[in-house]
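The values are calculated or read from the model by the stated rules, or taken from the named source; none is laboratory data. The model shown is predicted, which means the values in this text are computed figures rather than measured ones. Using ideal geometry, Cβ is built from the backbone for each residue, glycine included, and neighbour counts are taken over all protein chains shown.
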Amino acid sequence: MLRFRLKPTKEQEQKLFYTFYLCRKLYNQALEERITYYREKGISIRYTDQQNQLPTWKQEHPEYKEVHSQVLQNVLQRLDQAFVNFFEKRARFPKFKNKFMFRSITYPQARARYFHENQVYLPKIGWVRMMAHQPFDAASVKIINVKFHDGRWDVNLTYGTEAVVSRTEIQNAVGIDLGVLSLIATSEGEFFENPQWLQKSEGRLKRKQRQLSRKKKGSKNREKAKQKLQCLHDHVANQRKDHLHKISRSLVDRYDLICMEDLPVTGMMKNDRLAKSIANASWGKLATYLEYKAKNAGKHLITVPPHYTSQRCSGGCGTIVKKNLSVRLHQCPTCGLEIDRDVNAAINILHRGLEIRHQAS
Ligand SMILES: [Zn+2]
């Protein structure tokens, strides 16, 4: 990273301060939204959810047209990072920021053309004088960060290679749990369901299997039905794989570290042998897909031993809250946490994965 002094004009300075103000307002608003949602509905809002709301936010607050969209996205990313730090027990719960706490903005996607002689182009602010006291490779600069502190302006330039996530640097982690009702729940409160077309074909498969068992052994009809069933079986297996590929891709794209349990918790499944064997097979496949996709992307997968992940309170008090399968909500008598049972388990899995990782490093 390189740091140079920045010499904005009075007018540019005002624009920068106004940008800080707007960004801070967005940050605090987004934080409040996360807190309210969590309190009222027990679910965590994710970065992507908030990012998707940005266009609406801009429509309702036209003054935000004066801030570059990447800068706004970065504000939400900072908030997300603050939550990750909190969840990983590296920091306290994210705070609302006053004007002394919010004095920098980041352009995460710099271009070579943003640099010309002793000037840097800050979108929506303009060309600002930069005291480059040493030569640097403008084409490699990926991130521009502008900071005001001690009454002066600094610009930090980060090269592209530094921004790429290395195998050791983890910025966001997620825990995933095999859900009771949904296929997968994540520690961020996201649910992956089996799509309806897949449920349908699985239902059809089940019916055909039952029909086959009623046919007379050795009969021609039974042989025919058996072949048909095999075809359908392959078809459903492929559909299932397809879906698992999509889920694993989506997780690996968004997270640097994914934590999951070693073994499927078969006791969690409804008393249905087919459902159970499908779940087992799916879990194993998902683990495989996640592993190689993570490896190819330079990311991490950690498997943790499943012990009390569904019973333990993830709110930090560690109370064991016993609940049978019909109970959807984890309600902690000690700390008062109320949260979806599968999300509670996923958070425990995340914590355990992070513990294992810290011990290893
Ligand atoms: Zn608790």
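Condition (residue is within 33 Å of the chain's Cα centre (by Cα), under 12 Å from R5 (Cβ atoms), assigned by TED's automatic domain parsing to the domain that holds N28 and touching a residue at least 24 places away in the same chain (Cβ under 8 Å)) applied to the range 125-146: is it met by at least one residue?
Going through the range 125-146, the residues within 33 Å of the chain's Cα centre (by Cα) turn out to be 125, 137-146.
When the remaining residues are screened for being under 12 Å from R5 (Cβ atoms), the result is 146.
Subsequent filtering for residues that are assigned by TED's automatic domain parsing to the domain that holds N28 retains 146.
Within this subset, residues satisfying the condition of being touching a residue at least 24 places away in the same chain (Cβ under 8 Å) are 146.
Yes, the conditions are met somewhere in the range 125-146.
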Residues that are in a helix (DSSP H, G or I) and either in contact (Cβ under 8 Å) with a residue 60 or more places away in the chain or of a type in the set (G, A, S) (or both), drawn from the range 1-16: Q12, E13, K15, L16
If the Cβ limit is 8 Å and pairs must be 6+ apart or interchain, which residue in the range 320-333 that is within 13 Å of N344 (Cβ to Cβ) pairs with which residue that is more than 10 Å from the ligand (Cβ to nearest atom) and aromatic (F, W, Y)? I320/Y308
Filtering the range 48-57 down to residues that are free of Cβ contacts under 8 Å to residues at least 12 places away in the same chain and of a type outside the set (D, E), which residue is nearest to Q12 (Cα to Cα)? P55
Strands (runs of 3 or more DSSP E) (entirely within the range 291-361) containing at least 2 residues that are within 16 Å of the ligand (Cβ to nearest atom) and crowded, with 21+ Cβ neighbours inside 10 Å: 338-340
